[in-house]
1. Of everything in the range 78-100 that's of a type outside the set (A, V, I, L, M) and surrounded by 11 or more Cβ atoms within 10 Å (Cβ to Cβ), which residue is nearest to Val31 (Cα to Cα)?
2. When you look at Leu107, is it touching a helix residue (DSSP H, G or I) at 6+ places or on another chain (Cβ under 8 Å) and not small (Gly, Ala, Ser), yes or no?
3. For the range 64-96, enumerate the residues that are within 19 Å of Asp48 (Cα to Cα) and not in a helix (DSSP H, G or I).
4. Determine whether the range 97-118 contains at least one residue that is outside any helix (DSSP H, G or I) and charged (D, E, K, R).
5. Being of a type in the set (A, V, I, L, M, F, W, C) and not in a loop (DSSP other than H, G, I, E, B) is the filter; apply it to the range 1-40 and report the residue that is nearest to Gln77 (Cα to Cα).
Amino acid sequence: MAAETLKIQQVAEKTGLSIYTLRYYELEGLVAPVPREKNGHRAYSEDDIYSIIFVTKLRAAGMPIADIRRYVELARQGESTAGERLQILEEHKCAVEQQLAELTQHLEVITFKIDYYRNLNGKGHDGC
């Protein structure tokens, strides 16, 4: 029995991405080319959806498109490139950790200022 495939509209609904974005990801090499049905429509698998979601997480975490493209190219080459893919992810993890540290420092300053104004005005509002 063949695995169930999904049409682009279904994948858009599952991932929260637009059809345009899904096509863009494929065109730009951010995901592997999606197989086509005889009528030319894309036939996405669950593995394709996983890859798309992974790419969206990398993008949301600020990974440059060129790095994602390189990662995808390496992944298509198989397990022999696992070391290079690990390096890409580790380098990006370090960059994200640095950004988090900086944001934490910024948040501490903002929180300090909020506490100052609350004490000044005698207000105890929580904000968020």
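Derivation of every value follows stated rules applied to the coordinates shown; laboratory data play no part. The structure presented is a predicted model; accordingly, all values stated were derived computationally and were not measured. Positions of Cβ are generated from backbone atoms using ideal geometry, with glycine treated the same way; all protein chains shown enter the neighbour counts.
1. Arg85
2. no
3. The answer is Gly78, and nothing else.
4. no
5. The residue in question is Leu27.
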